[in-house]
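The values are calculated or read from the model by the stated rules, or taken from the named source; none is laboratory data. The shown structure was predicted, so the numbers you read here are calculated from the model rather than taken from an experiment. Reconstructed Cβ throughout: ideal geometry from the backbone, glycine too, with neighbour counts over all protein chains shown.
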Amino acid sequence: MNEKVKIIPPEIEEKLSLANTYKILNSQLDLLLSDKEKAFVREIQEFCIDLEPKIDFAKDVYELFPHYGKRGFMQRLNPWKEFTDAGCKYEMLLAINNGMMDPEMELARTASSILCGNPTFQHGTTPEIQKVQDDLWSGNKIGCIAMTEENHGTDTVNMECHADVVEDGYKFTGTKIFTTNGPKADYFLGYACVDNGDPRGTMVQAILKRDWGITTERLNINVVNRVHIGKTYYNAAKVPKEYILGQPGKGYRYLFDGLVPERLVITGANLGICWGALINGIIYSNMRNQFGKPIMKYQAVSYPFADLLYRVSSATMAAFKIAEIYDEKVLKAENVPKEIHKASAQWSGQIKFLCAKLAAECAYETQQLMGGVSVTDNTRLARLTGASNIQEVIGGSRGVMKLIMSGNLKKMMNLL
């Protein structure tokens, strides 16, 4: 493990401990949580406090997966084994607290256990898919989602990846990009169309294994260099019928159903960056002295922090409310009306957009208020800021989110 060159006073470093950071977070969020949710948060925090000193931040995140799996922290969107306290709000709380400690691990965890793993719970029916789910949620295997293409980023539906119907399954051919975890993945959640001219009617969703005919190359994305993000090639990859989650037509619907929990979990990661940056900045600025007093005594520092605090608090309350509604009316509901599906897509996109933008602003502004120490490895700010640079892009870029929101503006007029 690389040794830090210390430039931060030891008394400030001590106060910036993860335990102290969580203590302040709890003082702000406990009012919004039930007793069971508070107990869950404390469990995550104890786990992260114990794990953080053991992490080598110069190494890939994937060696950490089994540690999370043993405690049921690879995901909490869905119940699994003895880990039955689950739902979107639980998953969001996991993302916030884990993201404060290690935002790169949070990115990789989300891709493996939610983007790849959640469809196995929602749509899987075979013993083969159950094994995939157990492998992913135990942290013993790595998953990714392969959806975006070089010529189809925003226009995901009109994909070029093709699915040939063969005996006992399909054969996938094509190329995907920005597959988070792809170069390390054992399992790929894949999409392809039997008739590329009719994606809505013929899109297939399936789990693929690497050795079925998949090769990958790693993309160079320096801001999250502990996470492998890649380009994935389906080389006539044979998919047995037992690994098909969505037959032609259902694959299209399942793709969009999965975007809502994905964006809500990413919202949690964004809030983790917000709170992590903000709390570290508040602690540091109350202890850092310049011109004879703590820099927090200067309005040029305290007022910007006050502005960020009310905005992050408000965004957190909104995110929790949306997660609770999703749990009640979608995730745990027997029958979900079409209008509820549409509304959940609208609100998840809006809160993801808001919190991703706020994460980048919180991290950047806190760095400016803290000064040079914040760009070193002496605090968590550099890691948080690096991850914040891609949060607006993943799960639907700023342009996509604005496209969705502007479409809703037009629909409002149709009500009149």
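Can Leu77 be described as touching a residue at least 12 places away in the same chain (Cβ under 8 Å) and crowded, with 21+ Cβ neighbours inside 10 Å? It is true that Leu77 is touching a residue at least 12 places away in the same chain (Cβ under 8 Å) and crowded, with 21+ Cβ neighbours inside 10 Å.
Does region 186-238 hold any residues that are under 22 Å from Ile390 (Cβ atoms), in a loop (DSSP other than H, G, I, E, B) and aliphatic (A, V, I, L, M), and which are they? Result: Ile221, Val227. The helices (runs of 4 or more DSSP H) located wholly in region 302-416 that include 1 or more residues which are under 30 Å from Lys59 (Cα atoms) and free of Cβ contacts under 8 Å to residues at least 40 places away in the same chain occupy 338-370, 381-391.
Candidates are the residues of region 164-179 that are touching a Ser or Thr at 6+ places or on another chain (Cβ under 8 Å) and surrounded by 18 or more Cβ atoms within 10 Å (Cβ to Cβ); the one that is nearest to Gly251 (Cα to Cα) is Lys176.
Taken together, Arg253, Arg263 contain a single residue that is in a helix (DSSP H, G or I) and surrounded by fewer than 18 Cβ atoms within 10 Å (Cβ to Cβ), which is Arg253. Output yes when any residue across region 116-126 is at pLDDT 95 or above, surrounded by 18 or more Cβ atoms within 10 Å (Cβ to Cβ) and at positive phi, and no when none is. There is no residue in region 116-126 that is at pLDDT 95 or above, surrounded by 18 or more Cβ atoms within 10 Å (Cβ to Cβ) and at positive phi.
Taking the criterion of being in contact with an Asp or Glu (Cβ under 8 Å, 6 or more places away or on another chain), over 24 Å from Thr376 (Cα atoms) and of a type in the set (A, V, I, L, M, F, W, C), the only residue of region 58-77 that qualifies is Leu77. Which condition breaks for Ala111 when tested against (1) in the same structural domain as Ser17 (by TED's automatic domain parsing); (2) touching a helix residue (DSSP H, G or I) at 6+ places or on another chain (Cβ under 8 Å); (3) surrounded by 24 or more Cβ atoms within 10 Å (Cβ to Cβ)? Going through the list (1) in the same structural domain as Ser17 (by TED's automatic domain parsing); (2) touching a helix residue (DSSP H, G or I) at 6+ places or on another chain (Cβ under 8 Å); (3) surrounded by 24 or more Cβ atoms within 10 Å (Cβ to Cβ), Ala111 breaks only (2). Against the list (1) more than 30 Å from Gly69 (Cα to Cα); (2) under 26 Å from the mean Cα position of the chain (by Cα); (3) among the charged types (D, E, K, R), the condition Lys184 fails is (1). Closer than 22 Å to Ala111 by Cβ, out of contact with any strand residue (DSSP E or B) (no Cβ under 6 Å at 6 or more places or on another chain) and touching a residue at least 12 places away in the same chain (Cβ under 8 Å): which single residue out of Val223, Val165 fits that description? Testing whether each residue is closer than 22 Å to Ala111 by Cβ, out of contact with any strand residue (DSSP E or B) (no Cβ under 6 Å at 6 or more places or on another chain) and touching a residue at least 12 places away in the same chain (Cβ under 8 Å) leaves just Val223.
Reported count of residues in region 384-404, each being surrounded by fewer than 23 Cβ atoms within 10 Å (Cβ to Cβ) and under 25 Å from Met287 (Cβ atoms), is 2. What number of residues within region 136-160 satisfy the criterion of being surrounded by fewer than 19 Cβ atoms within 10 Å (Cβ to Cβ) and closer than 17 Å to Asn181 by Cα? Total satisfying the criteria: 3.
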